[in-house]
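Read the structure below first, then the notes.
The values are calculated or read from the model by the stated rules, or taken from the named source; none is laboratory data. Predicted model, so just to flag it, every value in this text is computed and none were measured. Because the Cβ atoms are built from the backbone with ideal geometry, glycine has one as well, and the counts that use them run over all protein chains shown.
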């Protein structure tokens, strides 16, 4: 069917509640549909002003939140993902050439024009993606664009074009005129980049008469993040693609034998609300923030390897120890009981010098793994020492929290659900409620005590420390206001906080959080130039409405 013109689309969006296709994506709430229509109409009007009233296709991808399963996706831990109603929307039409024009309704992002042939130059569609993007002649292009926020955003769209060609073994790809509209807060840890990537992937595929399965799109979206410079797992992409209206998605993913067979959707309880709080701090994975982020990711990888070596010292066979390669498999039952799990953790150094790590444990593929994470970071800035025990305890405990979380919700044990969220945040916390530095106790004596009591590992925070003073302050404010639980979401460092509350308490907690956001003490903590006014503060605390996963919007009702 021929795509509708901009004018036809604008007429379609005037009464969104009348269209079954939109209700299937967003639900039947009138306010939410009007909110989505406002974004669509802004994007379409911007497209018409830039490119004219021509036939266009619309591709959308929602934001993502993670209730439990923080920082564990890249190492096979359990996840509890939901979509977020705010989204990225692309209005697209072919150029008829290999040239693409990328425009954005956000004036902070410059218009970019690129020719596929120029960007493709030097690439081998039959080669390994990592080797391709690590090639200095190719890597310099996205690196140069990353030097400015005005151009960095284009890496996600350009990477999508290149990854579509790579995945489909195409030597050429038709270009597009693209207008990007979004109401996802940029850098707020609710997957604005993953949403842009997936919408772009779908646009390049569909407009070039190509298609992919969901699992291949998830892998491709991760590859594009790595092309753009972010070392991420696959949880964001999975949530954005597999989201379902009104539901939570529970699964564990692992790159080595990636499968979606264990995924299940669970209805989010009607008795609860989930608040998404924009801290007005931005996570831009560059500089010191990026170094801290990749250090923790790398530490995870090394901690798992060290754990496997320690299992062999304890008499495990090489094959049996090798099977403990992902967090979803490392449980009290698989290790031999809760006490045995803690005794194993005690054997893991709290931290270790990089050179000593290599000498004592000789991690397989160490040089390649180190280069993957730190290869584009200056030598003098690369870490010489990494934590091990804290991240490993956090990962094992967090995966266990995420494993039991859906059953806790389905059994309506809402107090425990909130407690699991708050304990998880304590593993990320960097300051206490008095503003003092916070570091969980993971000393030998503490681990021995946990082993003696056989304390449930799900109730131990571990030590990943990916929060920030501003996020900690918002979590404390939510708890003080009577929330069931609160935690950061996503990679941390900055961005958003999630707050679980009973519906009857939502308005009060929302107002309490807005009051905190307006305080001078919060502005100082978050490094804001000015205090937020009442309107901005209240709009920063949104009730989450999980929508359908990424898709093309059609006129077919």
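Here are a few things to note about the model shown:
- Output for region 203-218, where each listed residue is surrounded by 16 or more Cβ atoms within 10 Å (Cβ to Cβ) and touching a residue at least 60 places away in the same chain (Cβ under 8 Å): 203, 207
- Selection status of residue 505, assigned by TED's automatic domain parsing to the domain that holds residue 428, farther than 22 Å from residue 84 by Cβ and either at pLDDT 95 or above or surrounded by fewer than 23 Cβ atoms within 10 Å (Cβ to Cβ) (or both): no
- The single condition among (1) within 22 Å of residue 61 (Cβ to Cβ); (2) loosely packed, with under 15 Cβ neighbours inside 10 Å that residue 140 does not meet is (1).
- Output for region 138-155, where each listed residue is more than 22 Å from the chain's Cα centre (by Cα) and within 14 Å of residue 118 (Cα to Cα): 138, 139, 140, 141
- Test: residue in region 54-64 that is surrounded by 19 or more Cβ atoms within 10 Å (Cβ to Cβ), in contact (Cβ under 8 Å) with a residue 60 or more places away in the chain, more than 27 Å from residue 222 (Cβ to Cβ) and not assigned by TED's automatic domain parsing to the domain that holds residue 296: no
- If the condition is being in contact with a strand residue (DSSP E or B) (Cβ under 8 Å, 6 or more places away or on another chain) and in contact (Cβ under 8 Å) with a residue 60 or more places away in the chain, then region 112-147 contributes only 115.
- Some residue of region 396-406 being free of Cβ contacts under 8 Å to residues at least 40 places away in the same chain, out of contact with any helix residue (DSSP H, G or I) (no Cβ under 6 Å at 6 or more places or on another chain) and part of a helix (DSSP H, G or I): no
Yes/no per residue for (1) crowded, with 20+ Cβ neighbours inside 10 Å; (2) modelled with pLDDT of 95 or more:
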residue: 334; (1), (2): no, yes
residue: 337; (1), (2): no, yes
residue: 360; (1), (2): no, no
residue: 371; (1), (2): no, no
residue: 378; (1), (2): no, no
residue: 389; (1), (2): yes, yes
residue: 405; (1), (2): yes, yes
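- Region 428-448 - residue that is touching a residue at least 60 places away in the same chain (Cβ under 8 Å) and under 18 Å from residue 351 (Cβ atoms) and, of those, surrounded by the most Cβ atoms within 10 Å (Cβ to Cβ): 428
- Annotation: residue 243 fulfils all but one of (1) closer than 20 Å to residue 201 by Cα; (2) in contact with a helix residue (DSSP H, G or I) (Cβ under 9 Å, 6 or more places away or on another chain); (3) modelled with pLDDT of 90 or more; the unmet one is (2).
- Residue within region 319-332 that is free of Cβ contacts under 8 Å to residues at least 60 places away in the same chain, outside any loop (DSSP other than H, G, I, E, B), exposed (fewer than 15 other Cβ atoms within 10 Å of the Cβ) and in contact with a helix residue (DSSP H, G or I) (Cβ under 7 Å, 6 or more places away or on another chain) present: yes
- Among the residues of region 171-193, those identified as under 19 Å from residue 279 (Cβ atoms) and at pLDDT 95 or above are 182, 183.
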